[in-house]
Amino acid sequence: MTSLPTPSLPSSTGMSRRAMLAHATCGFGSLALCDMLQRSALAETSNPLPSPHLPARAKRAIFLFMHGGPSQVDTFDYKPELQKRDGEDLPFAKAANISAKMRLMKSPWKFNRHGECGMTVSELFPEVATCADDLCVIRSMHSKGQSHGQAVSMLHTGSDSLVRPSVGAWLSYGLGCENENLPAFMAISPPTAHGGPRNYGSAFLPACHQATTLGSAGRLGSGKIRNTENAVLSTTEQRNQLDFVQQLNRQHLQRVGDGADLEGAIQSFELAYRMQNKVPDVLDLAGETEATRKLYGIGESTTDNFGKQCLMARRMAEAGVRYIQVSTGNVWDQHGNLESGHAKNARAVDRPIAGLLKDLKQRGLLEDTLVIWGGEFGRTPIVQGSNGRDHNPQGFTMWLAGGGVKGGMTYGETDEFGYYATQDRVHMHDLHATILHLMGIDHERLTYRYAGRDFRLTDVYGQVVTPLFA
């Protein structure tokens, strides 16, 4: 076995406190010192803000990712003119790099008014429509990236082409976790296409801020996190083993000085050990009442999978996870067969999403839990093929609920056909800045120095959309 190098004694007659501790009692004194230094370093790594920049309206966030891009003109952005002029040519230029025809295609679904606010919602979402008074619908979203890869990356990381930390990683870095025995960032059934791990990764932030994943590609699977159980060693033996490994890691960290990657690894090891006791309880749905399971559509073939994902998201939020990402898989990309495809997708998520909102509300969690719904872009109001819609980042819809936003309101507009965002436009950078603000973070002040410059989620862009705030 190769022995670890020991710091050499200083040549002067004096001896530094660190060198003395490294040599005294076979170096065990330095381990104690290093442990104290490490605790301080990890505190800074896990939460660089001594306190939030701003009064936080939300303590946690749940992002419901509709992978593929749901159509705004068939869901939450009703356009009477589109219905009236079905089959006519679009009277202005279409976006570049799409194969859609110039012919307008009306929505096959009816829209009705819901709630005291009178919000128009498509019959695709009858259950979510019952929560209209809690929704803050942004109808003027626009983003960068005509392809899925670009737009998905933009949505999750703020960059359409470069590897950057994800939104959840930034929130983990900035705020840490409410529960030290759980990750700050959980991704349920995260996307495997269009960037895969980069959409929930930490990039150049310390590794401890990337998501802990559960399931993949829109499927929940067993509902367990892999490698959280050890069938060979007892808890005491695991603790002893981990303590030994961590002592070696901390001694190495002391020698190298600046080691953010090593700090992140050390913290990840500790978190993994603590998760063994806490995670099984959080992920166990057996204790939920039959009424709760029914609320989410669990037990019914159409809604069971996404219902379990949403219920687990609520349990994670309740337990103190800071950012929870729930994904459908890339199913909303209807270049053809719009009617059958969107109808199938909506049936799978409508009741679970409404169940999540109602469950959070009745438990008093919605007021400080920000729920975000949407895809990487929307769809064109002009037809692709005979019955589909092409990608449309020029104007689309996302909605927020809870967490300090106004319920029962719509913000911004697209043109009369629902193609381009025209009024009170909200770029993806603006949405990210707004999410951080609601969580108590000034997006311009949360930075990380890498490769000689300070990076942030919104790069050099982004305006907080304050009219959305309650």
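In the stretch 43-468, Cα pairs under 8 Å separated by at least six residues give a relative contact order of 30 percent. The stretch 395-423 and the stretch 120-149 have Cα centres lying 7 Å from one another. A cut-off of 5 Å between modelled amide H atoms, ignoring neighbours fewer than 5 places along the same chain, links MET141 with PHE396, MET398, VAL426. Taking 0.36 nm per residue of sequence separation and removing the Cα-Cα distance, the GLU116/GLN423 pair yields an extension gain of 108.1 nm.
Remark: the stretch 43-468 carries a charge dipole of roughly 340 debye about the Cα centre, counting +1 on each Lys and Arg Cβ and -1 on each Asp and Glu Cβ.
Cα gyration tensor of the stretch 43-468, axes a ≥ b ≥ c as square roots of the eigenvalues: rounded (a/c below 1.5), prolate (a/b > b/c) or oblate? Because a/c hits 1.5 or more and a/b exceeds b/c, the stretch 43-468 counts as prolate. Under 5 Å between amide hydrogens, built in the peptide plane, is the criterion, and for ASN387 it picks out ASN337 among residues at least 5 positions away or on other chains. In the structure shown, do any of LYS106/LYS358; LYS110/LYS344; LYS361/LYS406; LYS308/LYS361; LYS59/LYS358 have a Cα-Cα gap over 20 Å, and if so which? Table pairs above 20 Å Cα-Cα are LYS106/LYS358. Compared with the direct C-alpha span, the chain from VAL232 to ASP442 gains 71.0 nm at full extension, assuming 0.36 nm per residue.
Considering only SER340, TYR419, THR447, and ranking their Cα positions along the charge dipole of the stretch 307-447 that arises from unit charges at the beta-carbon of Lys, Arg, Asp and Glu, the one farthest toward the positive end is SER340.
Which order do the peptides 456-469, 366-379, 323-336, 420-433 take when ranked by the mean count of other beta-carbon atoms within 10 Å per residue, highest first?
On the way: 456-469: 17.1, 366-379: 25.5, 323-336: 22.8, 420-433: 20.1.
Ranked from most to least packed, the peptides come out as 366-379, 323-336, 420-433, 456-469.
Values in this text are rule-based calculations from the coordinates and carry no lab data. Note that this is a predicted model, so its numbers are computed, not measured. Ideal geometry is used to build each Cβ from the backbone, glycine not excepted, and the neighbour counts take in all protein chains shown.
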